[in-house]
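Working notes for the structure below.
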Amino acid sequence: MNLSAPRGTQDILPQDIHNWRRLEDALRKVFGRFGYEEIRIPVFEDVRLFNRAVGEVTDIVEKEMYTFASGGEDGDTFALRPELTAGVVRALVEHNLLNNNPFMKLWYAGPAFRKERPQKGRYRQFHQFGVEAIGSMDPYVDAETVLTLTTILKEVGVTQYEIHMNSIGCPNCRPAYREALKQAAAATLKERCGNCQRRFDRNILRLLDCKVEHDRELSKQLPGMFEMLCADCKAHFEKVQSALAGVPFTLDKLLVRGLDYYTKTVYEVTSPLLGSQDALGAGGRYDNLVAELGGPKASGVGFAAGFERVLIAMSHGEAPKPPAMDFFVIYVEDKNKGDAFRILNQFRQAGLSGAMDFESRRMKAQFREAVRANARFAVILGEDEVKKGVVKLKNLTTTEEKEVALDEAVRRLASS
Ligand code: HAM
């Protein structure tokens, strides 16, 4: 029996954890700096939430969700969350969070699931971090979410990325754009892929999203939404752009996003370090989603980024060293092992990090282990030291060695 991890899932092994933690620490720090509060929501939800929020005619809902029966008598169907925005808005409405604070800034991190064809940077279980700022129409809030993402990227040393921006209008101006797009695209529709042909009738905007090179070339000739925005959407988009003064971004009329809840601003941050799945993160504004899910009329804007993709981009920079442990206890003879174990735990109780070799190996092998564990000091214990109630403290970088009393050893390890 071949029991390997399911296709499209990944084990995050101890050697990878350091980088995951680095990213987690960075995002916590930046979210705090930008004034977001954390929210945690279930990994699965009623499937109707995603049908409603993400949209019936999207790849995610049509073919990528993992759904299952609740197992209860109610006959409900659940889906593993393919993204977190829908769940966050559901929670906000369910718990009336806007009653206490009409402008909520929330952040989250956790796994999401999509039944996609796995490849580098595209998995079936992946992890997202993101924000949702709900309760403001102000274009500065759109800009602030973009800056939150780029600040996290800066914090973890990812500097090679591009920001793509577009506005996809609102229910007032989008229908006319859809019509204009249909008219313009009809002439060359036969030349396009099957996917485009299907999208032409069902969700014409997604035609612009097609990844087939020939089709992209055709799309470049089509009108862009920002040429047809209503006065409100146009003014909003101009303000978002001026709020981002000094931040380089590209206006991208082909950017439409694969989820239906967006209105006005949409954006994507891509990196050439990633290959074909090049979006590090993406987001935009959703002015109607809160009300559609039963809440008050409140606008939202946010983004989500893929942990795995940001980690790929981070791996192109300088790899940071794993954190050092404070000490490694080395016993001269097997009969000192019990005292070594006692000291190991005594020092740990004092807040220090340490380990020892349990295999009663010779001292040389124990020293090798200490170096492999990246310990800063060796705490050496032989018969003499046990009798005198001292240890030898050896700095493994400078090789300097000194005999000290136990409490003095703790003081030195804690202060160096
Ligand atoms: P999304 O563009 O579907 O947007 O996903 C956001 C990010 O999640 C992508 O840019 C990518 O980095 C990562 N991602 C998506 N699918 C996969 C996958 N199969 N494997 C690895 N990484 C993946 C959303 O999910 C929206 N909820 C973003 C948002 C928040 N909009 C407003 N607020």
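Read-outs throughout are calculated quantities, based only on the coordinates presented, and are distinct from any laboratory measurement. What you see is a predicted model; the values in this text were computed from it and never measured. Note that each Cβ is placed from the backbone with ideal geometry, even for glycine, and that neighbours are counted across all protein chains shown.
Annotations
- 0 to 90° range, to nearest 10: angle between helix 363-372 axis and the chain longest Cα axis: 20 degrees
- Top of 354, 317, 32 by mean-square fluctuation, Gaussian network on the chain, Cα under 10 Å: 354
- Phi angles of the range 15-24 translate, via the Karplus equation with coefficients 6.51, -1.76, 1.60 and θ = phi - 60°, into HN-Hα couplings of 5, 9, 4, 4, 5, 4, 5, 4, 5, 4 Hz per residue; Gly and Pro are given as x.
- Between the Cα long axis of helix 337-349 and the first principal axis of the chain there is an angle of about 50°, rounded to the nearest 10.
- Top positive-direction residue, dipole computed over the chain with Cβ charges, set 58, 97, 15: 15
- Scalar couplings 3J(HN,Hα) for the range 378-395, obtained by applying the Karplus form with A = 6.51, B = -1.76, C = 1.60 to θ = phi - 60°, are 9, 9, 9, 9, x, 4, 4, 5, 4, 4, 7, x, 10, 9, 9, 9, 10, 6 Hz; x denotes Gly and Pro.
- Placing dummy labels 7 Å off each Cα toward the beta-carbon, the span from residue 22 to residue 220 is 3.7 nm.
- FRET efficiency for the pair residue 155 and residue 11, taken as 1/(1 + (r/R0)^6) with r the Cβ-Cβ distance and R0 = 25 Å, rounds to 0.45.
- The range 1-120: relative contact order in percent, alpha carbon pairs under 8 Å with at least 6 residues between: 31 percent
- FRET E, pair residue 197, residue 368, Förster distance 60 Å, beta-carbon r, rounded to 0.05: 0.40
- Over the range 166-281, relative contact order from alpha-carbon pairs under 8 Å, at least 6 apart, %: 37 percent
- Contour excess over end-to-end distance, with Cα ends at residue 401 and residue 66 and 0.36 nm allotted per residue: 114.7 nm
- Normalised radius of gyration (Cα atoms, divided by 2.2 N^0.38 Å) for the range 98-254: 1.22.
- Per-residue ³J(HN,Hα) for the range 49-54, Karplus 6.51 cos²θ - 1.76 cosθ + 1.60, θ = phi - 60°, Hz, x for Gly and Pro: 4, 6, 4, 6, 7, 6
- The range 317-408 - percent relative contact order, Cα under 8 Å, separation 6 or more: 30 percent
- Listed cross-link partners 182/297; 120/211; 29/115 are compared with a 24 Å cut-off, the Cα-Cα value being larger for 182/297; 29/115.
- Mean projected area of the Cα convex hull of the chain, taken over all directions, amounts to 27.7 nm².
- Per-peptide packing, taken as the mean over residues of other Cβ atoms within 10 Å, places 280-286, 18-24 in the sequence 280-286, 18-24 from highest down.
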